[in-house]
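To keep things clear, I will list the structure first and then write my remarks on it.
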Amino acid sequence: MTRTALITGAAGGLGQAATTMLQSRGWRVAGVSRDAARLSGTSEQFLPIQADVSTGAGAEQALAACMEAFGAPPDALIHAVGSTLLAPLHRTDEDTYRQTLAANLDSAFFTLRAYVQAALKAKRPGKVVLVSSVVARVGVSNHEAIAMAKGGIEALVRSAAATYSPQGIRINAIAPGLTRTPATERLFSAQTAEEQIRAQYPLGRYGAAEDLARAACWLVSEEADWITGQVLPVDGGFTAVRPMVRAR
């Protein structure tokens, strides 16, 4: 039987990589973006959906369109919507703060709620992956608003996993380190930026979208069927390893 997935943020780096990976394994994918023109065309394996899942109505709209095409709630949800914000607390204005929470925490809450409601109504199990960040796990300067939003996602994962595990709905997250995608390309613009970023990671490189997609696709696979309520760091050792620093 063909498995199905709903991927939000499908026009972004992780969303595109996860779509390609699941399709290569025979999955049908519905991809959500606020701008459907950024998604590849309709095919047997891919359904583009335009919706803003940072609102409850938008998330429900995305689920409804997905279910209309698939005839049932999707087997898996990978919620790859999000934004980055590099700004200290005292320079983060209220509008920017609220936009950061809407793009990250609100979108995760409303999309997960819509998915769980559909799965419960259909009496089907489900598999969910949300996206946190290393900045929710270790203090990194100038990340207060985004760290707060991503920390809320990790709390949501644990609580929702506890609530819905009796119904067979598995809910996990990945916590990436800095990953080079179109959304983060500006961080690499300075002459020495790439070298400095690599130096922050014990494995000597920054992340690629495919690194995150492999982890997310594994978490929604049968191989991870006994895992729920977890946040998997995909960060080159950033949050767990401190390499020896030698004085020069």
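The values are calculated or read from the model by the stated rules, or taken from the named source; none is laboratory data. This is a predicted model, so every value here is computed, not measured. Because the Cβ atoms are built from the backbone with ideal geometry, glycine has one as well, and the counts that use them run over all protein chains shown. Protein only, heavy atoms only, side chains kept; ligands, DNA and RNA dropped before computing areas. Shrake-Rupley method; radii C 1.70, N 1.55, O 1.52, S 1.80 Å.
When residues of region 1-31 are filtered for being part of a strand (DSSP E or B) and either more than 19 Å from ALA72 (Cα to Cα) or without any contact (Cβ under 8 Å) to a residue 40 or more places away in the chain (or both), how many remain? Can you show your working first?
Of the residues in region 1-31, the ones part of a strand (DSSP E or B) are 4-8, 28-31.
Restricting the remaining residues to those that are either more than 19 Å from ALA72 (Cα to Cα) or without any contact (Cβ under 8 Å) to a residue 40 or more places away in the chain (or both) gives 29, 31.
Number of matching residues: 2.
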(message) If the requirement is being over 22 Å from SER107 (Cα atoms), over 13 Å from the mean Cα position of the chain (by Cα), open to solvent by 40 Å² or more (accessible area, probe 1.4 Å) and at pLDDT below 95, which of these qualifies: GLN191, GLN167?
(response) GLN191
(message) I'd like to check something: does region 106-116 contain any residue that is assigned to a helix (DSSP H, G or I), without any contact (Cβ under 8 Å) to a residue 24 or more places away in the chain and open to solvent by 50 Å² or more (accessible area, probe 1.4 Å)?
(response) no
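Taking region 36-72, which residues are in a helix (DSSP H, G or I), open to solvent by less than 70 Å² (accessible area, probe 1.4 Å) and without any contact (Cβ under 8 Å) to a residue 60 or more places away in the chain?
Within region 36-72, ALA36, GLY56, GLY58, ALA59, ALA62, LEU63, ALA64, ALA65, MET67, ALA69 meet the criteria.
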(message) I'd like to know if region 77-87 contains one or more residues that are open to solvent by less than 20 Å² (accessible area, probe 1.4 Å), under 20 Å from MET1 (Cβ atoms) and in contact with a Phe, Trp or Tyr (Cβ under 7 Å, 6 or more places away or on another chain).
(response) yes
(request) Residue by residue through region 197-212, note down the ones that are over 17 Å from the mean Cα position of the chain (by Cα) and closer than 14 Å to PRO233 by Cα. (result) TYR201, PRO202, LEU203, TYR206
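Which one is nearest to ALA17 (Cα to Cα), of the residues in region 194-213 that are open to solvent by 60 Å² or more (accessible area, probe 1.4 Å) and in a helix (DSSP H, G or I)? Write out each step before concluding.
Going through region 194-213, the residues open to solvent by 60 Å² or more (accessible area, probe 1.4 Å) turn out to be 195-196, 198-200, 203, 205, 210.
Retained after the next criterion (residues that are in a helix (DSSP H, G or I)): 195-196, 198-199, 210.
Details: GLU195: 25, GLN196: 26, ARG198: 22, ALA199: 25, GLU210: 6 Å.
Only one residue tops the list, namely GLU210.
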(message) Quick test of your reading of the structure: LEU156 fulfils all but one of (1) within 17 Å of LEU105 (Cα to Cα); (2) open to solvent by 30 Å² or more (accessible area, probe 1.4 Å); (3) in contact with a Pro (Cβ under 6 Å, 6 or more places away or on another chain). Name the failing condition by number.
(response) (3)
(message) Given the criteria part of a loop (DSSP other than H, G, I, E, B), of a type in the set (A, V, I, L, M) and open to solvent by less than 60 Å² (accessible area, probe 1.4 Å), does VAL129 qualify?
(response) no
(message) So GLY151 passes all but one of these: (1) part of a helix (DSSP H, G or I); (2) over 26 Å from ARG91 (Cβ atoms); (3) without any contact (Cβ under 8 Å) to a residue 40 or more places away in the chain; (4) open to solvent by less than 60 Å² (accessible area, probe 1.4 Å). Which condition number does it fail?
(response) (2)
(request) Name, by its number, the condition in (1) at pLDDT 95 or above; (2) on the phi > 0 side of the Ramachandran plot; (3) of a type outside the set (Phe, Trp, Tyr) that does not hold for ASN142. (result) (1)
